Amino acid sequence: MKLIVAKKAGFCMGVKRALEMVLDRAREENNDIFTYGPMIHNPQVVSLLSLKKISSSRDLDDFSEEVVCFISAHGISPERRKSLKATGACICDASCPDVVKVQGIIKKYALKGYSTVIFGDRGHTEVEGLLGFSAGNGMVINSVAEVDELPPLEKVCLVSQTTRNMDEFRRVADAVRARFQEVEVFNTICSSTLSRQEEVIEISEKVDAMVVVGGKNSANTARLSLIAGEFVPVFQVETAEELNMDELSRYHTVGVTAGASTPNWLIQGVVDHLRGWTWRKKNLPLRWLYSVAAVIVKANFFIAFGGACLTAAAMRLLGIQILWPALLLSFSLFLSIYNLNIFADQPAIFLNQPSRYRFFHNNRLILRWLNALSLATAFVCAAFLGVGPFLLTVITLLSGLAYSSTILPSSFPGTRLKNLTGLKEFLSSLGWGVVAVLVPAAATGPDRPSVVAIIVVFLFVFSIMFVRSTLFAIRDIQGDRLVGRETLPVVLGVERTKIVLLFLITLNALGLIVAGILGWVPVSGYYYLAVIAYGCLYLILYHKRILYRGLVHEVLVDGQLILAGLIAGLFR
Ligand code: SF4
């Protein structure tokens, strides 16, 4: 089975903005947080929000001075807002700006004496809110056929619910214009909906069946299913568990898209499931190859091997002999630290990497033994290298553990070190610098590289790993927000973070060039510019959403480290 995954699947701007607002508030708020109606039409996200004590209610008795009340992206009518205010609750408005625009149009034309006709779903939160701006002179139609059922009207202002189908709206507009004399038509379908609908049509024309991921109560998910259903059979699911593989296996090419309220991890769960199933059905050698590759990546052998490669590159840049115990130390220490962090961080892994979570859960016993073995190996190698490397290894390991442990008082915002703003990327990159650069440098005895060379190479490794770690933090941003982890993209926002990364990549390249010119690193150091260029290229691919999730994404990001190892192997 061939898969085509929609690039525009997942949270739309309005839903993302509303969720970020409520989660940010939940971080600093001691009072109860209620959303007026569900914040998002997705049961999985709603239940996760409830774990963060963000509940949903439409009962005014639940709102009081002690409560913070969030209005969802769908907006609310002026009357309902007034009654909420009267309860004394602190109102936070997360209405989507695109919905607010429609409310403004209705209000303006209602004042001019126009009757409002909304093309939308009766009873939908957004439509109910919009009706409230029509000064009691609004009506909802759900199809072209219902235009004839409208009462005689003098002046009509026609708008659409932001998530309706464009073609249908055009037909409705024609019918309304034909029926009434004075008509003002506003196409208020939002750009996020439009681009999603265009993409779903484009994919539907290329596939034999379509999987649409999203809440059963989500209007825009249902709409995507209807649009795709005009071309191919559609399977709408909330989670991967609902996929009917017996049915789906009949199709050669399958598309995957998702509604505006579907989080990344649910989409990823479905994609992983379909991809895994496809590979399981492939001929034996390929299937075997994929399974082995998946185990190597999920069990962190690949990143550990990348660690050894980067350590080799660092030794070349330091101008010292390749020390095999240092390479083995890097491999085993990174393997155990990455695995320990996964065991210590189950909720975030569950959200960000569902298939890795399942892998760790199913193989926990073997992986724990593997951890013990790799830790023991790391210490034997460190002891072999000398007192300095041994102490540095102990410090790195303890820092790695402290990073995941609860070491701050519970009243502190984020009781784990990793929950402090942006510290995750900083600390892990620092750890890489210590193991890949300081440990081999400390093991060289009197011919130790100069301090300035150590600093330059340390910064080289630090920057490469900071970019890597932040790229994964961008991928995991939705899950991290929900578990309250303050990664750099969570705090700065994705676009600003990408600018920081580009800046860091440029600085790293300049640093290496200057260090080469000044003779701080060997001339072969210039070859490592290819490693930096690789990171830059990958950032561009990621920005254009050409490669942005899954096993291939992870392998390609860490391919940068393997490239560094290759250069170290080829050039002195
Ligand atoms: Fe806003 Fe469009 Fe999302 Fe509705 S679908 S919340 S209008 S971005």
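Yes/no per residue for (1) buried (at least 18 other Cβ atoms within 10 Å of the Cβ); (2) touching a His at 6+ places or on another chain (Cβ under 6 Å); (3) free of Cβ contacts under 8 Å to residues at least 24 places away in the same chain:
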{"position": "Leu501", "(1), (2), (3)": "yes, no, no"}
{"position": "Ile505", "(1), (2), (3)": "yes, no, no"}
{"position": "Gly511", "(1), (2), (3)": "yes, no, no"}
{"position": "Gly519", "(1), (2), (3)": "no, no, yes"}
{"position": "Ile532", "(1), (2), (3)": "yes, no, no"}
{"position": "Leu556", "(1), (2), (3)": "no, no, yes"}
{"position": "Phe571", "(1), (2), (3)": "no, no, no"}
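Residues that are open to solvent by 50 Å² or more (accessible area, probe 1.4 Å) and closer than 26 Å to Thr162 by Cα were ranked within the range 1-19; the one that is farthest from the ligand (Cβ to nearest atom) is Lys7.
Here's a check for you: in the range 92-110, which residue that is of a type in the set (A, V, I, L, M) and crowded, with 16+ Cβ neighbours inside 10 Å is nearest to the ligand (Cβ to nearest atom)? Break it down into steps so the answer makes sense when it comes.
Step one: list which residues in the range 92-110 are of a type in the set (A, V, I, L, M), which gives 94, 99-100, 102, 105-106, 110.
Then keep just the ones that are crowded, with 16+ Cβ neighbours inside 10 Å; that gives 94, 99, 102, 105-106, 110.
Details: Ala94: 10, Val99: 5, Val102: 8, Ile105: 13, Ile106: 14, Ala110: 20 Å.
By that ranking, first place goes to Val99.
Checked against the criterion of being within 16 Å of the ligand (Cβ to nearest atom), open to solvent by less than 50 Å² (accessible area, probe 1.4 Å) and touching a residue at least 40 places away in the same chain (Cβ under 8 Å), the range 76-90 contains one or more residues that satisfy it. Take the conditions (1) away from the ligand (no atom under 16 Å from the Cβ); (2) in a loop (DSSP other than H, G, I, E, B); (3) of a type in the set (Gly, Ala, Ser); Ala294 misses just one of them, which is (2).
Of Ser225, Ser134, Ser115, all but one fail to be within 16 Å of the ligand (Cβ to nearest atom) and not assigned by TED's automatic domain parsing to the domain that holds Met39; the exception is Ser225.
Is there a residue being touching a Lys or Arg at 6+ places or on another chain (Cβ under 8 Å), among the charged types (D, E, K, R) and within 16 Å of the ligand (Cβ to nearest atom) anywhere in the range 179-194? Scanning the range 179-194, I find no residue that is touching a Lys or Arg at 6+ places or on another chain (Cβ under 8 Å), among the charged types (D, E, K, R) and within 16 Å of the ligand (Cβ to nearest atom), so the answer is no. Of all residues in the range 18-32, at least one satisfies being within 30 Å of Gly255 (Cα to Cα) and among the aliphatic types (A, V, I, L, M).
Could you check Arg275 against (1) in contact with a strand residue (DSSP E or B) (Cβ under 8 Å, 6 or more places away or on another chain); (2) farther than 20 Å from Leu351 by Cβ; (3) open to solvent by 40 Å² or more (accessible area, probe 1.4 Å) and say which number it fails? Unmet for Arg275, out of (1) in contact with a strand residue (DSSP E or B) (Cβ under 8 Å, 6 or more places away or on another chain); (2) farther than 20 Å from Leu351 by Cβ; (3) open to solvent by 40 Å² or more (accessible area, probe 1.4 Å): (2).
The values are calculated or read from the model by the stated rules, or taken from the named source; none is laboratory data. This structure is a prediction, so every number in the text was calculated from the model and none was measured. Here the Cβ is made from the backbone with ideal geometry for all residues, glycine too, and neighbour counts use every protein chain on show. Surface accessibility is based on the protein's heavy atoms, side chains included, excluding ligands, DNA and RNA. Shrake-Rupley method; radii C 1.70, N 1.55, O 1.52, S 1.80 Å.
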